[in-house]
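Asker: This is the structure, below, for whatever I ask next.
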């Protein structure tokens, strides 16, 4: 875990005469900034980048202990992972393309393959390419299956197969993940990103095969994680999936519309135009 120079961040803010509310205006909530300054809970990398830019700081000023090459590679990887989460796939590909692979640690290489594999699976790329990346994690870099990247690779393999119409093969991998989803660590932003990733795609798969008794509780748990950790960038997708599930199960109009209204509200907060279009199409 990277060591943060929060004192330098706070000093830069105060030297410019900015209150927390003034610094975070248009970028994030004051609560997000307060948690960062008071307890070291770092916000999403793109939020932190904008806050630093407003203070004329770089991320290296806030995370000074990483070697320059490794720091740059890690920042790009985190940016790619975040844009993957927010469905900005082209932006994620651009960030990933700038990563110097040889500068990465073993963990960094697993993160690289995990992000690239998901991008391939989610954008209709060749299934063999996605599975190749996941197999590099499972059979080479994490062959003892002790890290979170094994579960991410299982989930990604399930996504790849299910998006390819091979649901039986997809379920094989989602079942490997299912029993672990309520025990995932939620210690920092990155672990929360990854837990929500696995919860969402597993819930989505079981909804696609009509198993709402499995899908609905996973979505509820994902929503709970978002609420408890003040995460907005995933809750919109969860609410929309809840609306789809509710409609498929014949729920009352008001119930479905309640989920859609929540999804639209959070999508607007996050400027997620793709999801807003899907919500509009769903309503019509």
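Asker: Using a Förster distance of 41 Å, how high is the FRET efficiency between residue 56 and residue 128, based on the Cβ-Cβ distance and rounded to 0.05? If you can, show how the numbers build up before the last one.
Answerer: Working: r = 46 Å, r/R0 = 1.13.
Result of the calculation: an efficiency of 0.30.
Asker: Given the -39500 (n - 2.57) contribution per DSSP H run of 4+ residues, what per-residue ellipticity at 222 nm results for the chain, rounded to the nearest 500 deg cm²/dmol?
Answerer: Values: 16 runs with 200 residues, N = 284.
Estimated from H runs of four or more residues: -22000 deg cm²/dmol.
Asker: Taking the simple approach of a point 7 Å from Cα along Cα-to-Cβ for both residue 261 and residue 21, what is their distance in nm?
Answerer: In this crude spin-label approximation the distance works out to 2.8 nm.
Asker: Which FRET efficiency value, to the nearest 0.05, is calculated for residue 91 and residue 144 with the Förster distance at 35 angstrom and r the Cβ-Cβ distance? Numbers along the way, then the final one.
Answerer: Numbers: r = 33 Å, r/R0 = 0.95.
The computed FRET efficiency comes out at 0.55.
Asker: Under 8 Å for C-alpha pairs, at least 6 residues apart: give me the relative contact order for the chain, rounded to a whole percent. It would help to have the intermediate numbers written out before the result.
Answerer: On the way: 327 pairs, mean separation 28.6, N = 284.
Relative contact order, the chain: 10 percent.
Asker: Can I ask one more? At what distance in nm do the modelled label points of residue 191 and residue 37 sit from each other, each positioned 7 Å from its Cα along Cα→Cβ?
Answerer: 2.7
Asker: If you don't mind, there's one more thing I want to ask. In what sequence, highest mean first, do 86-93, 217-224 appear when ranked by Cβ atoms within 10 angstrom?
Answerer: Details: 86-93: 17.0, 217-224: 19.0.
Put in order of decreasing packing, that is 217-224, 86-93.
Asker: Highest mean first, what order results for 48-59, 104-115 on Cβ atoms within 10 Å? Don't skip to the answer; put the middle values down first.
Answerer: Values: 48-59: 17.4, 104-115: 20.1.
In decreasing order of mean packing, 48-59, 104-115 become 104-115, 48-59.
Every number here is computed from the coordinates shown, using simple stated rules; none is lab data. Here the structure is a predicted model, which means the values were calculated and not measured. Cβ sites come from the backbone with ideal geometry, for glycine too, and all protein chains shown count toward neighbours.
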